[in-house]
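The values are calculated or read from the model by the stated rules, or taken from the named source; none is laboratory data. The structure displayed is predicted, hence computed values, not measured ones. Cβ coordinates were reconstructed from backbone atoms using ideal geometry, including for glycine residues, and neighbour counts include every protein chain displayed.
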Amino acid sequence: MKFSCTSSYQDDQSKDANEDLDHANALSLVEDAKKPNAPGYRGQGIDDDELAKAIQESLSMPSYQPYQPVQFLPRGYRICGGCHHEIGYGHYLSCMGTFWHPQCFRCYACGQLIRETEFSLSGTYPYHKSCYKELHHPKCDVCHEFIPTNRAGLIEYRAHPFWGQKYCPSHEHDHTPRCCSCERMESRNTRYIYLGEGRSLCLECLESAIMDAGDCQPLYHSIRDYYEGMNMRIDQQIPMLLVERQALNEAMEGEKYGHHHMPETRGLCLSEEQTVSSIHKRPRIGGNKILDMRTHPQKLIRRCEVTAILVLYGLPRLLTGSILAHELMHGWLRLKGYRDLSPEVEEGICQVLSHMWLESEIMPGSTSVPSSSSYAPSSSSAMPSSKKAAKSDTEKKLGEFFMHQIAHDTSTAYGEGFRAANAAVNKYGLRRTLDHIHFTGAFPV
């Protein structure tokens, strides 16, 4: 906001002297009017009394100046906004009801005198316009420049709903890389790792990224143990493959069963026989991109209702685990005879298991199973939280984000389905909810 100051000068002694002089002149006129040789003198009587009265009344009448006089305030009324001492006689500055000694009118940020005719005011604190902008005008977290104003003169920016990352609207269209895991945009002073196929990964997500099947097998078995710990054991040995996006999309096209999360699918529970190219060896990273990616084709044979589980490579451990938990629930439903479920019911209950597993990983002591459920963790199978590997603050924050994504998904099957399934599980427990789904194909209400 732009302001200007008024400079004033006050001398109360001069004002008092002028008033005394006016009063003396008026009394002199009264005395002269009483003299016999004075013009208009007509002797003693009522006329003399009326003249004296008229002159006396004139003394109390206000005098009108051809200009608006400076307002004079009583001593102690003006307190300097800089030094907080009384402003006495002499020059002072005033703006928006606040006063300053000229030498006290300094920028609240840099402490230097404000000599410009325009400045910014925050509360009662004055700033140089440049200092105020540096402190209060938002900067883009991507290009680190001041976020520009729009045509209406307003500051307009975009912000991520979870991370709060602020950025110029133009970055949504200038091909700025966005992490395929956490959705944060690449800052100009950092470089993301390019995974190929239009995917980039930030350095925080890279720390725990699963890059080949060898990395993923321990995680896969721990999630199978998690299911067993809830008395939902999966007896069949279901193959798990880590694949590139192209292989996942090709497998999805050949799959007749199931629903897929668009615009990108990160996991798939196969029920058909297919040949899939899986990642054979962990690739190297050089020059901010993936090098020496090695894959080999694998023929998948159908031995039960579930042929294999495919997961997109290059995602952080917790995101990979939540995908595995989701796809394993698809497998459990098929192996237990749950048939012809609507997308909202099947995807919704699978998202609940994914959310529960994430919660068990990032919240110490959490079993993630409602107390009313007969699917309680088995002490012989479930890994106590105290024995789990300690999570860094960064990984915990990522886990919270993945839970936030599940809870706030806007799609009908995955978002609304999860919220309906989660409400049923919280009210009736997981066991009763699954039984109701088995018999009716719907959630209990």
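If only one of Tyr157, Tyr167 is within 27 Å of the chain's Cα centre (by Cα), buried (at least 20 other Cβ atoms within 10 Å of the Cβ) and free of Cβ contacts under 8 Å to residues at least 40 places away in the same chain, which one is it? Being within 27 Å of the chain's Cα centre (by Cα), buried (at least 20 other Cβ atoms within 10 Å of the Cβ) and free of Cβ contacts under 8 Å to residues at least 40 places away in the same chain holds for just one of Tyr157, Tyr167, which is Tyr167. When Ile238, Ile285 are screened for being touching a residue at least 24 places away in the same chain (Cβ under 8 Å) and assigned to a strand (DSSP E or B), only Ile285 passes.
One line per residue, one yes/no per condition, for (1) touching a Lys or Arg at 6+ places or on another chain (Cβ under 6 Å); (2) modelled with pLDDT of 80 or more; (3) surrounded by 14 or more Cβ atoms within 10 Å (Cβ to Cβ):
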{"position": "Gln71", "(1), (2), (3)": "no, no, no"}
{"position": "Pro74", "(1), (2), (3)": "no, no, no"}
{"position": "Gly82", "(1), (2), (3)": "no, yes, yes"}
{"position": "Tyr92", "(1), (2), (3)": "no, yes, yes"}
{"position": "Gly97", "(1), (2), (3)": "no, no, no"}
{"position": "Trp100", "(1), (2), (3)": "no, yes, yes"}
{"position": "Cys107", "(1), (2), (3)": "no, yes, yes"}
{"position": "Arg115", "(1), (2), (3)": "no, yes, no"}
{"position": "His128", "(1), (2), (3)": "no, yes, yes"}
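A single entry from Val369, Val445, Val425 fulfils the requirement of being more than 27 Å from Glu183 (Cα to Cα), modelled with pLDDT under 95 and either out of contact with any Phe, Trp or Tyr (no Cβ under 7 Å at 6 or more places or on another chain) or of a type in the set (Gly, Ala, Ser) (or both): Val445. Looking across Leu300, Leu291, one residue alone is over 19 Å from Tyr414 (Cα atoms) and surrounded by fewer than 15 Cβ atoms within 10 Å (Cβ to Cβ). It is Leu291.
Is it the case that Asp215 is in the same structural domain as Leu310 (by TED's automatic domain parsing) and either of a type in the set (Lys, Arg) or surrounded by 16 or more Cβ atoms within 10 Å (Cβ to Cβ) (or both)? Yes; evaluated as a whole, the condition is true for this residue. Output the residues belonging to the stretch 197-216 that are of a type in the set (Ser, Thr, Tyr) and either on the phi > 0 side of the Ramachandran plot or within 24 Å of the chain's Cα centre (by Cα) (or both). Within the stretch 197-216, Ser200 is the sole residue that qualifies.
Out of Pro263, Pro343, Pro364, one residue alone is modelled with pLDDT of 90 or more and not assigned by TED's automatic domain parsing to the domain that holds Ser181. It is Pro343. Say whether the condition of being within 36 Å of the chain's Cα centre (by Cα), β-branched (Val, Ile, Thr) and more than 24 Å from Glu359 (Cβ to Cβ) is met by at least one residue in the stretch 238-261. Within the stretch 238-261, one or more residues are within 36 Å of the chain's Cα centre (by Cα), β-branched (Val, Ile, Thr) and more than 24 Å from Glu359 (Cβ to Cβ).
Hey, His144 hits all of (1) surrounded by 14 or more Cβ atoms within 10 Å (Cβ to Cβ); (2) at pLDDT 85 or above but one; which does it fall short on? Every listed condition holds for His144 apart from (1). Just one of (1) in a loop (DSSP other than H, G, I, E, B); (2) of a type outside the set (Ser, Thr, Tyr); (3) farther than 21 Å from Cys202 by Cα fails for Cys143. It is (3). When Ser322, Ser354 are screened for being closer than 16 Å to Ala209 by Cα, polar (S, T, N, Q), modelled with pLDDT of 95 or more and not in a strand (DSSP E or B), only Ser322 passes.
Within the stretch 395-441, the set of residues being among the hydroxyl-bearing types (Ser, Thr, Tyr) and surrounded by 14 or more Cβ atoms within 10 Å (Cβ to Cβ) comprises Ser411, Tyr414, Tyr428, Thr433.
For the stretch 313-322, the criterion of being among the hydrophobic types (A, V, I, L, M, F, W, C) and more than 38 Å from the chain's Cα centre (by Cα) is met by no residue. Taking first residues from the stretch 122-139 that are in contact (Cβ under 8 Å) with a residue 12 or more places away in the chain and partners that are among the β-branched types (Val, Ile, Thr) and surrounded by 14 or more Cβ atoms within 10 Å (Cβ to Cβ), the Cβ contacts under 6 Å between residues at least 6 apart in sequence or on separate chains come to Thr124/Thr98; Pro126/Ile114; Pro138/Ile147. Would you confirm whether or not the stretch 226-235 contains a residue that is within 25 Å of the chain's Cα centre (by Cα) and surrounded by fewer than 16 Cβ atoms within 10 Å (Cβ to Cβ)? For the stretch 226-235, residues within 25 Å of the chain's Cα centre (by Cα) and surrounded by fewer than 16 Cβ atoms within 10 Å (Cβ to Cβ): absent. If you filter the stretch 148-173 down to residues that are in contact with a helix residue (DSSP H, G or I) (Cβ under 9 Å, 6 or more places away or on another chain) and outside any strand (DSSP E or B), you find that the one that is farthest from Leu398 (Cα to Cα) is Asn150.
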